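Inspection log for the structure reproduced underneath, given as structure tokens.
The values are calculated or read from the model by the stated rules, or taken from the named source; none is laboratory data. Note that the structure is a prediction, hence the values are computed from the model and not measured. Here Cβ is always computed from backbone atoms with ideal geometry, including for glycine, and neighbour counts include all displayed protein chains.
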Amino acid sequence: MTEPTIEDYFVENRTFPPPRGFADTALVSDRSLYEEAAADPEAFWARQARELVSWFDDFHTVLEWELPFARWFVGGTLNVSYNCLDRHVEAGRGDKVAFHWEGEPGDTRTLTYAELLDEVCRFANALKGLGLQRGDRVAIYMPMIPELPVAMLACTRIGVAHSVIFGGFSPDSIIDRVNDAEARAVITADGGFRRGAPSLLKPNVDAALPSTPTVEHVVVARRTHSDVDMVEGRDHWYHELIAGAGADCPPERMHAEDLLYLLYTSGTTAKPKGIMHTTGGYLTQVAFTHRYVFDLHPDDDVYWCAADIGWVTGHSYIVYGPLANGATSVIYEGTPDTPGRDRLWDIAERYGVTQLYTAPTAIRTFMKWGHEEPAKHDLSKLRLLGSVGEPINPEAWMWYHTHVGGGRCPIVDTWWQTETGAQMISPLPGVTELKPGSATFPLPGISAEVVDDHGDPIERGGGYLTLTRPWPGMLRGIWGDPERYEATYWSRFPGRYFAGDGCKLDDDGYLWLLGRVDDVMNISGHRISTTEVESALVDHDAVAEAAVVGASDDVTGQAIIGYVILKGRVEASPELVEEIRQHVSVKIGPTARPKRVFVVPDLPKTRSGKIMRRLLRDVAEGRDLGDTTTLADATVVDAIRAGASADAGED
């Protein structure tokens, strides 16, 4: 047996079988999908493609695979917007609500499938009127307003690939992405509402445009009614274009492997990577996973993915997956604490949300605010909870299960990436016995293995998560740079996809994600995952959120430095800090006990909620900070520096 590469300390023995009432009505309550996929993966995916997606022309070849390049459903033609809209209207479901949208100030809008189709067609015709045509690329830089999914669907209708840029990014980020894609147009808004005030977007586009020579047109949606500059001939108001456009726009017949969208993710070099997702395979896998992972019953459910469409989660599980399945979804524009810390629970109660999909970072924030906030609202309609974005600590899982799900809702803890396009490892809620903090097993049709430094599979313990077979929603490359695609994802372990995540296998074969291998610490020769130590810290009753880093140490090579946020009204003291340090020893052993623990008011996070451990290492080692442009709140690091020394506990 091969030795584990990353050491395994944290043990979680609690288990939760599917609730009896849930399993009785679940779409899948046995292992038939797993067995079908294991027997013939290509035939399994071909059946999903034909049952879940409408094709103009059937495909003749399920998969062409020349490592590392895949082509799925070759010969098939389809249109994504047709699958998301027209076919539901044609089936007599045009009056069904597609989106309940709520703005941060409290304004609302409801869009049925028929209304959404009408607006998408009008905007698609408007884009054609600006000269855009099949094969072009368009950048979309918008807040969470209905015009954002309309713009995406309008692009797919006419065969234009979109590149959505998160609305919190700077002009420099716009320049990089627009120039790499050679986008001919930018679709934006005057601004959006965030924390009770307008957050302007059009000025950032204006600042970028002198450095983006391919942009010919800018379309601007009116949201905040703020004064913005409009350049005649180049800039166009969205509402004026819509008013002047026709509602009949036949969908383009796209090949399964035609580019659907680009989504940029940060790379180890300064240049972001343009992840390429194509049409047929991507739509098949997001429709399949959305339907079965969330146990979707479209006639009864109100589904809410509380992410931003600027990230892949929003592409796959706000726009394309739910609409392909004819779901009714909620979209919320703003932050979860505006005007009060119960805003999400208020929305869930008013719309009768049945499935809620959010990030561990958000869940730990809700823990910090206290269980009294969700307790203010009737959340009894909820029947399933989901987690996405990073590993979830077992105690955060338990809090979510108890205080949001009322102890009755299965939790689907999902692992996937921008690059995978769709969920890869997740429970099926009517089948899988859950362990808090584990993403459990690969989904049907997905093949994953944990390997050691040599690429050999391990049977237990920690190593590197790899994928051994192509999957329909996989990235088709990095835009304009096939060599970088191969070097980034396929060179570390020949024949295997590896995107940098650590993972461990327990005695029952459950998969436990350990975060990026870049965040594995080497303490006196022991390779310890930040995720395991953070889980032990959050296990303490006083701790709501934690981050740890390995900082240089003369004795041990690296020393574990912990940063914790305390719950609610808990007061910091040297005694509590020492108690928290010792709790890690009790929970997972003295090797993993932090050398120091600092109580901090917040943690440095990106606008998507990811903790920037690199900056915490800079603080711990007394260095000047690296790049902070993606920080959601740049003052957080100053606050950590100011307060850290007073809260230190040390051997």
| Which of the residues belonging to the stretch 240-280 are among the basic types (Lys, Arg) and touching a Phe, Trp or Tyr at 6+ places or on another chain (Cβ under 9 Å)? | Arg253, Lys273
| said: hydroxyl-bearing (Ser, Thr, Tyr), assigned to a helix (DSSP H, G or I), under 18 Å from the mean Cα position of the chain (by Cα) and closer than 21 Å to Trp512 by Cβ: which single residue out of Thr420, Thr365, Thr361 fits that description? | reply: Thr361
| Number of the exception - Asp300 against (1) of a type outside the set (Gly, Ala, Ser); (2) under 14 Å from Glu51 (Cβ atoms); (3) free of Cβ contacts under 8 Å to residues at least 60 places away in the same chain | (2)
| message | Would you confirm, using the coordinates I've provided, whether Ala572 is surrounded by fewer than 18 Cβ atoms within 10 Å (Cβ to Cβ), of a type in the set (A, V, I, L, M, F, W, C) and at negative phi? | response | yes
| Any idea which of (1) in contact (Cβ under 8 Å) with a residue 40 or more places away in the chain; (2) within 17 Å of Ile6 (Cβ to Cβ) is the one Thr466 doesn't satisfy? | (1)
| query | Out of (1) crowded, with 24+ Cβ neighbours inside 10 Å; (2) touching a strand residue (DSSP E or B) at 6+ places or on another chain (Cβ under 8 Å), what's the single condition that is false for Ile458? | reply | (1)
| message | Looking only at the stretch 519-544, filter to residues that are among the small types (Gly, Ala, Ser) and without any contact (Cβ under 8 Å) to a residue 60 or more places away in the chain; which one of those is surrounded by the most Cβ atoms within 10 Å (Cβ to Cβ)? | response | Ala542
| said: Of all residues being in a loop (DSSP other than H, G, I, E, B) and on the phi > 0 side of the Ramachandran plot in the stretch 428-455, which is surrounded by the most Cβ atoms within 10 Å (Cβ to Cβ)? Just the residue, please. | reply: Gly437
| Residue satisfying all of: in the stretch 506-518; among the aliphatic types (A, V, I, L, M) and assigned to a strand (DSSP E or B); surrounded by the most Cβ atoms within 10 Å (Cβ to Cβ) among these | Leu514
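Residue-by-condition table, conditions (1) without any contact (Cβ under 8 Å) to a residue 40 or more places away in the chain; (2) assigned to a loop (DSSP other than H, G, I, E, B); (3) in contact with a His (Cβ under 9 Å, 6 or more places away or on another chain); (4) not basic (Lys, Arg):
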site	(1), (2), (3), (4)
Asp8	no, yes, no, yes
Arg14	no, yes, no, no
Val28	no, yes, no, yes
Phe44	no, no, no, yes
Ala49	no, no, no, yes
Arg71	no, no, no, no
Gly92	yes, yes, no, yes
Asp95	yes, yes, no, yes
| said: Quick test for you: out of Ala161, Ala154, pick the one residue that is in contact with a strand residue (DSSP E or B) (Cβ under 6 Å, 6 or more places away or on another chain), under 24 Å from Leu323 (Cβ atoms) and among the small types (Gly, Ala, Ser). | reply: Ala161
| Selected residue [at pLDDT below 80, in a loop (DSSP other than H, G, I, E, B) and within 32 Å of the chain's Cα centre (by Cα)] from Arg569, Arg641, Arg623 | Arg623
| remark: Checked against (1) crowded, with 21+ Cβ neighbours inside 10 Å; (2) not in a helix (DSSP H, G or I), Ala126 satisfies every condition except (2)
| Within the stretch 265-305, considering residues that are in a strand (DSSP E or B) and at pLDDT 95 or above, the one farthest from Val164 (Cα to Cα) | Tyr303
| remark: Checked the stretch 104-119 for anything among the small types (Gly, Ala, Ser) and within 26 Å of the chain's Cα centre (by Cα); matches are Gly106
| query | Can you tell which of Ala306, Ala324 is crowded, with 24+ Cβ neighbours inside 10 Å, in contact with a helix residue (DSSP H, G or I) (Cβ under 8 Å, 6 or more places away or on another chain) and aliphatic (A, V, I, L, M)? | reply | Ala324
| field | Of the criteria (1) within 30 Å of Tyr497 (Cβ to Cβ); (2) touching a helix residue (DSSP H, G or I) at 6+ places or on another chain (Cβ under 9 Å), which one Thr361 fails | value | (2)
| said: Please count how many residues of the stretch 381-420 are in contact with a Gly (Cβ under 7 Å, 6 or more places away or on another chain) and of a type in the set (S, T, N, Q). | reply: 3
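Yes or no, residue by residue, for (1) in contact with an Asp or Glu (Cβ under 6 Å, 6 or more places away or on another chain); (2) over 18 Å from Leu260 (Cα atoms); (3) buried (at least 20 other Cβ atoms within 10 Å of the Cβ); (4) not aromatic (Phe, Trp, Tyr):
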site	(1), (2), (3), (4)
Ala23	no, yes, no, yes
Glu35	no, yes, no, yes
Gln48	no, yes, yes, yes
Trp72	no, no, yes, no
Gly75	no, no, no, yes
| message | Given the criterion farther than 16 Å from His277 by Cα, assigned to a loop (DSSP other than H, G, I, E, B) and in contact with a Phe, Trp or Tyr (Cβ under 9 Å, 6 or more places away or on another chain), identify the matching residue among Gly310, Gly326, Gly340. | response | Gly326
